[in-house]
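Structure first, then comments.
The values are calculated or read from the model by the stated rules, or taken from the named source; none is laboratory data. This structure is a prediction, so every number in the text was calculated from the model and none was measured. All Cβ positions, even for glycine, are placed from backbone atoms using ideal geometry, and neighbour counts span all protein chains on display. Surface areas here come from the heavy atoms of the whole protein model, side chains and all, with no ligands, DNA or RNA. Shrake-Rupley method; radii C 1.70, N 1.55, O 1.52, S 1.80 Å.
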Amino acid sequence: MPTTTVIYFPTILLVPLISAAVIALFLRRKGNAAATVAVVAAAFVAIDAIRMALRGLRFESSTEWLRLGDLAISIGFKFDDLASLMLCIVGVVGLCVHVFSLGYMSDDAAKARYFGGLSLFMFSMIGIVLADNLFMMFIFWELVGFSSYVLINHWHEKTSASDAAKKAFIVNRVGDFGFLLGLILCYWTNHTVNLTALAEQSESGHLVFSTLIPLLLFCGAVGKSAQLPLQVWLPDAMEGPTPVSALIHAATMVAAGIYMLCRINVLMVPDALTVIMWTGTATALYAALCAITQRDIKKILAYSTLSQLGFMVAAFGLGSLSDTHLHDGQPHTVFYAVGVGAAMFHLTTHAAFKALLFLGSGSVIHGCHHEQDIFKLGGLAKKMPLTFATFTIGVGAIIGLPFLAGFFSKDAILFLAFTKNRAVFGLLAFTAVLTSLYMVRLWKLTFLGAPRSDHAAQAHEGGVTLTAPLVVLAALSIGGGYTGLYAGLFDGVLDLIPEAQGPDHTIILVTSLVVMLLGASTALALYSSAPTDALAQKSPGLFGALGALKNSFDAAYDYYVAKIQQRFAMLLNFLEQIFLAGLIVRGLAGFVGLFGMGARALHTGNLNAYVYWFLGGVVALWAFATGAL
């Protein structure tokens, strides 16, 4: 692996941190200046990330930060192909979001705080991408959680936004606790959490494999990437500004879980991968079912994000499902590359078209005076032609329209599922039908027909800061699939799994087209310009069941907190007050106090009393010595 100096690394990591510090210390009341500083910092990150990728820089550097006995915690950087790809995603999407925010947040009174939060978030995400060990990754993992809380809670005067931010923060801490336990267990068993050292131990056969370690680490991904059962925070997080939704829920925070899994692939074992595979598959199907009944344009996209993240997690789990196929005697290496490649390929294309869809929805919301109900929109194709054209490209990409980016990456996942697990393939193919259904439903009700509200009738296209990012992301949503990843993935599967032949690929291509056309045609036929949901009218039972499915997890968590956790906390508080604070603490103190009072009563200062006590002691001692007592 070629090496070079680390001159670029501290710069690209520290620039957004410096931006956040400057805004917090000097520009809190100067929104325009803060926006300028943040956008310049984001532009530097994007340009430098692309420059490092094009130059093919690959290097590692580490220094000891803290030592506790034999435990050494290092701050280090690992820049390889995976980090290069992820850094470009974060940089480019982050820059688009920053530019879009210039127009979207132009009248916001707390603009400086908003752009400071964006810079802090960029710093935290870059830290995750560049971390060369799990300790450092966990530190920045928590910083991402904090900065996302700040951004979701930007409009903190709204109760819904404040509650959503707290919900996201708390739910992610549940997953992060598992991440921390897995990190500790990994260090305990392997004596290192350095990513390169773990890979070297794996190749030499000295790595201690355990089902528990990868599953505990996966808990962190379940929280960050909003997989079942910790997915409840992400739809509510739509209460934050729309550019935040694009930044957090398209390519960065929620993708961090997928990236982390790819980083720790050497720790994986078949049983853990099976759990990961089914978790991703279940999440993909669940979120797609929930999206069908949504009316809020951003929440539809939120559930869509959940579903696509499920595809990525399932792809990773499928990549190394069993050890039955060996390659050069290395069962723990050959299959991981396929799963990592499929997951990262879809992560890359999804970053482009989902950021495009979120920013496109922001353009719609901005142009329609913050109207978000798709049944109150309509007719925007003529009033917002550029938004319509770019949004259409995004919809085509996510549903798998041929020759767009999403078609290639989703096709790769379906092919991998078809060759490894037909049950997973069937569920993911059905999920693809639902994806096409709810996304074409959103597209038709938003842009076609006649306006169904005054806000839609008065809609207008935004300025260049709102539209330019859409054009860039639309271009990436078209060209993102034309990379070597697509052909490489299929060649890799065919090399590693001899029974997966060319005809299987043809089957997948036909299946992808059929599921896309089935869902799209159903949506076009079912949904009209009426202000009510056609599915609710024609099948109220199914519509109600889907709505209940969406609310089931929140209801379960509410029941657990109110009926179990709260009552258990009350019982512990009672026991603490009675036994710990009462019997042990106050009881011991009371006993000592009584003993002290008795001891003080003996010291009367009367000589006769002391003589009597002395004689009594002599008699007691004589009785004890002679055995009379």
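Here are some notes:
- Residue check, residue 84 under 26 Å from residue 345 (Cα atoms) and in contact with a helix residue (DSSP H, G or I) (Cβ under 9 Å, 6 or more places away or on another chain): yes
- Any chance residue 385 is more than 28 Å from residue 535 (Cα to Cα), open to solvent by 20 Å² or more (accessible area, probe 1.4 Å) and in contact (Cβ under 8 Å) with a residue 60 or more places away in the chain: yes
- Taken over region 101-152, the criterion of being over 30 Å from residue 73 (Cβ atoms) and part of a loop (DSSP other than H, G, I, E, B) is satisfied by 105, 106, 107, 108, 109, 110.
Residue by residue, here is whether (1) among the basic types (Lys, Arg); (2) closer than 17 Å to residue 304 by Cβ; (3) part of a helix (DSSP H, G or I); (4) in contact (Cβ under 8 Å) with a residue 40 or more places away in the chain holds:
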{"position": "397", "(1), (2), (3), (4)": "no, yes, yes, yes"}
{"position": "410", "(1), (2), (3), (4)": "yes, yes, yes, yes"}
{"position": "423", "(1), (2), (3), (4)": "no, no, yes, no"}
{"position": "437", "(1), (2), (3), (4)": "no, yes, yes, yes"}
{"position": "442", "(1), (2), (3), (4)": "no, yes, yes, yes"}
{"position": "456", "(1), (2), (3), (4)": "no, no, yes, yes"}
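- One residue stands out in region 145-161 among those that are open to solvent by less than 60 Å² (accessible area, probe 1.4 Å) and of a type outside the set (A, V, I, L, M, F, W, C): the one that is farthest from residue 252 (Cα to Cα), namely 160.
- Boolean, residue 431 is among the polar types (S, T, N, Q), at pLDDT 85 or above and either in a helix (DSSP H, G or I) or touching a strand residue (DSSP E or B) at 6+ places or on another chain (Cβ under 6 Å) (or both): yes
- Test for residue 547: is it under 30 Å from residue 285 (Cα atoms), at pLDDT 80 or above, in a helix (DSSP H, G or I) and open to solvent by less than 90 Å² (accessible area, probe 1.4 Å): yes
- Subset tally (residues that are in a helix (DSSP H, G or I) and under 11 Å from residue 269 (Cβ atoms)) for region 203-228: 4
- Candidates in region 329-350 are the residues that are part of a loop (DSSP other than H, G, I, E, B) and modelled with pLDDT under 50; of these, the one that is surrounded by the most Cβ atoms within 10 Å (Cβ to Cβ) is 332.
- Residues satisfying the stated conditions in region 550-566, i.e. aliphatic (A, V, I, L, M) and either under 19 Å from residue 290 (Cβ atoms) or open to solvent by 60 Å² or more (accessible area, probe 1.4 Å) (or both): 555, 556, 561, 564
- The residue list 579, 553 contains one member that is in a helix (DSSP H, G or I) and over 30 Å from residue 527 (Cα atoms), which is 579.
- Within region 202-213, considering residues that are surrounded by 15 or more Cβ atoms within 10 Å (Cβ to Cβ) and either in contact (Cβ under 8 Å) with a residue 60 or more places away in the chain or touching a Lys or Arg at 6+ places or on another chain (Cβ under 9 Å) (or both), the one nearest to residue 276 (Cα to Cα): 211
- Residue match in region 576-584 (condition: open to solvent by less than 50 Å² (accessible area, probe 1.4 Å), more than 22 Å from residue 292 (Cβ to Cβ) and at pLDDT below 85): yes
- The number of residues in region 399-408 being assigned to a helix (DSSP H, G or I) and under 18 Å from residue 507 (Cβ atoms) comes to 2.
- For residue 462, the conditions (1) at pLDDT 70 or above; (2) part of a helix (DSSP H, G or I); (3) small (Gly, Ala, Ser) all hold with the exception of (2).
- Those residues of region 273-322 which are within 19 Å of residue 406 (Cα to Cα), open to solvent by 10 Å² or more (accessible area, probe 1.4 Å) and over 17 Å from the mean Cα position of the chain (by Cα), in sequence order: 285
- Picking from residues in region 351-378 that are open to solvent by 10 Å² or more (accessible area, probe 1.4 Å) and outside any helix (DSSP H, G or I), the one that is farthest from residue 297 (Cα to Cα) is 369.
- Once region 391-406 is narrowed to residues that are within 23 Å of the chain's Cα centre (by Cα) and among the hydrophobic types (A, V, I, L, M, F, W, C), the residue that is modelled with the lowest pLDDT is 405.
- Flag if residue 115 is within 25 Å of the chain's Cα centre (by Cα), closer than 30 Å to residue 267 by Cα and either crowded, with 24+ Cβ neighbours inside 10 Å or in contact (Cβ under 8 Å) with a residue 60 or more places away in the chain (or both): no
- Residue ID - farthest from residue 248 (Cα to Cα), chosen from residues in region 162-196 that are of a type in the set (Phe, Trp, Tyr) and open to solvent by 40 Å² or more (accessible area, probe 1.4 Å): 188
- Scan of region 518-535 for residues that are touching a residue at least 24 places away in the same chain (Cβ under 8 Å) and either of a type in the set (Lys, Arg) or part of a helix (DSSP H, G or I) (or both), ordered by number: 518, 519, 520, 522, 523, 524, 526, 535
- Within region 423-433, being of a type outside the set (Val, Ile, Thr) and crowded, with 24+ Cβ neighbours inside 10 Å holds for 428, 432.
Every residue, every condition in (1) open to solvent by 10 Å² or more (accessible area, probe 1.4 Å); (2) without any contact (Cβ under 8 Å) to a residue 12 or more places away in the chain; (3) touching a Leu at 6+ places or on another chain (Cβ under 6 Å); (4) assigned to a helix (DSSP H, G or I), yes or no:
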residue	(1), (2), (3), (4)
15	yes, no, no, yes
25	yes, yes, no, yes
39	yes, no, no, yes
65	yes, yes, no, no
97	no, no, yes, yes
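- Hits in region 123-144 - residues which are open to solvent by 10 Å² or more (accessible area, probe 1.4 Å), of a type in the set (A, V, I, L, M, F, W, C) and under 21 Å from residue 66 (Cα atoms): 135, 138, 139, 140, 143
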